[in-house]
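Here the structure comes first, spelled out in structure tokens, and everything after it is commentary.
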Amino acid sequence: MTLLGIDVGGSGIKGALVNSETGEMISERFRIVTPIPRTPEAMTDVIAQIVTHFDYKGKVGCGFPTIIKNGVCKATGNLHKSWLGINVEELLEKKTGLDFTVINDADAAGYATMNYGIGKGEKGFVVMITIGTGLGSGAFLDGRLIPNFELGQIPYKKYSKIEKWAAGSAKDREGLTYKKWGKRFNTFLEYVELIVSPDLIILGGGASKDFEEFKSKINIETKVVAAELQNNAGIIGAAVASLYKTNNK
């Protein structure tokens, strides 16, 4: 089955067609810059443009960069505050006329990685960290998703949440080298290790493709690996999430 997956990020909104059996993208990725401010009206317009670009008429899966519970936005994260309390699934269905499944973006990336990538078959407690505008996290216990596991929201020193200091966007904003930023990211991983004691940490998101650039600065006991799917995991996982919802209605 061919499904459309959309990954909503702080800097870009991306979509592609995905083969649900193999987890492979079967189209080129189509990307539009995330509008500023990140309001519901502006962002739903972009998502509708992506649907139109693919001339797609089926079920759509969408990874969204904040806490999503039963389709409803429960925190604004790096989005406009007007998102709070909105049923994102209903909003996108009204905009496009299509059936949407909306889940947390890190959960989507983790779902793809655990089903089609380096996490396949991994037992125990696995945490997927997506490095981008923020620090998303997806958690899996013996392969089963624990939704909305937002470790990037941990307060740190003067920062209301540690992702403001240690996300990929902080590296870009402050012009940090990968080695300098890697020390910050390692501090974040130290907190992850202390609080939840995972058996494995998988890195995804935009910065994961450059893992070798900062790998030397990662100094925790937990094994840390980079996801092969990298920045496409969110699209793949979101697409397949729409099928999972269909099979569980």
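The figures follow:
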{"quantity": "Spread of Cα-to-Cα distances over 10 Å intervals beginning at zero, given as percent, for the stretch 197-240", "calculated": "27, 47, 23, 3"}
{"quantity": "Fully extended contour minus Cα-Cα distance, from Gln153 to Asp99, at 0.36 nm per residue", "calculated": "16.4 nm"}
{"quantity": "In nm, spacing of pseudo-spin labels at Glu228 and Val196 (7 Å Cα→C-beta vector)", "calculated": "2.4 nm"}
{"quantity": "Unit charges on C-beta of K, R, D, E only; dipole of the chain, Debye", "calculated": "660 debye"}
{"quantity": "Nonlocal amide H pairs with Ser137, under 5 Å, H built at 1.01 Å", "calculated": "Ala106, Thr130, Leu151, Gly152"}
{"quantity": "Whole-percent carbon and sulfur share, accessible surface of the chain, 1.4 Å", "calculated": "49 percent"}
{"quantity": "FRET E, pair Thr52, Glu21, Förster distance 22 Å, beta-carbon r, rounded to 0.05", "calculated": "0.25"}
{"quantity": "Charge dipole (debye, nearest 20) of the stretch 121-226; +1 at Cβ of Lys and Arg, -1 at Cβ of Asp and Glu", "calculated": "440 debye"}
{"quantity": "Karplus (6.51, -1.76, 1.60) ³J(HN,Hα), θ = phi - 60°, over the stretch 97-107, in Hz, Gly and Pro reported as x", "calculated": "x, 10, 7, 9, 10, 10, 9, 4, 5, 5, 4"}
{"quantity": "Inter-site label distance for Asp172 and Ala42 at 7 Å from Cα along Cβ, in nm", "calculated": "1.5 nm"}
{"quantity": "MRE, 222 nm, helices only [DSSP H, n ≥ 4, -39500 (n - 2.57), over the chain, to nearest 500]", "calculated": "-10000 deg cm²/dmol"}
{"quantity": "Length released on extending from Arg31 to Ser216, taking residue separation times 0.36 nm less the Cα-Cα span", "calculated": "63.4 nm"}
{"quantity": "Rg in Å to one decimal, and Dmax rounded to a whole Å, for the stretch 1-55 via C-alpha atoms", "calculated": "11.7, 37"}
{"quantity": "For the stretch 93-249: span of alpha carbons on each principal axis (Å, largest first)", "calculated": "46, 36, 26"}
{"quantity": "Accessible area expressed per residue, the stretch 50-176, with surrounding protein chains retained (probe 1.4 Å, Å²)", "calculated": "45 Å²"}
{"quantity": "Charge dipole of the chain about the Cα centre (unit charges at C-beta), most positive-ward option of Ile118, Met1, Asn19", "calculated": "Ile118"}
{"quantity": "Whole-Hz couplings from phi, Karplus 6.51/-1.76/1.60, listed for the stretch 172-186; x for Gly and Pro", "calculated": "5, 5, 9, x, 7, 6, 4, 5, 5, 5, x, 5, 5, 4, 5"}
{"quantity": "Pairs from Lys14/Lys59; Lys179/Lys209; Lys57/Lys120; Lys14/Lys179; Lys81/Lys164; Lys57/Lys94 whose Cα-Cα separation, in the structure shown, is over 19 Å", "calculated": "Lys57/Lys120; Lys14/Lys179"}
{"quantity": "Shape call, the stretch 1-110: gyration tensor on alpha carbons, a/c limit 1.5", "calculated": "prolate"}
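The values are calculated or read from the model by the stated rules, or taken from the named source; none is laboratory data. Bear in mind the structure is a predicted one, so any value in this text is a computation, not a measurement. Glycine also receives a Cβ, built like all others from the backbone with ideal geometry; neighbour counts cover every protein chain displayed. Ligands, DNA and RNA are stripped out before the accessible areas are found, and what is left, the full protein with its side chains, is counted by its heavy atoms. Shrake-Rupley method; radii C 1.70, N 1.55, O 1.52, S 1.80 Å.
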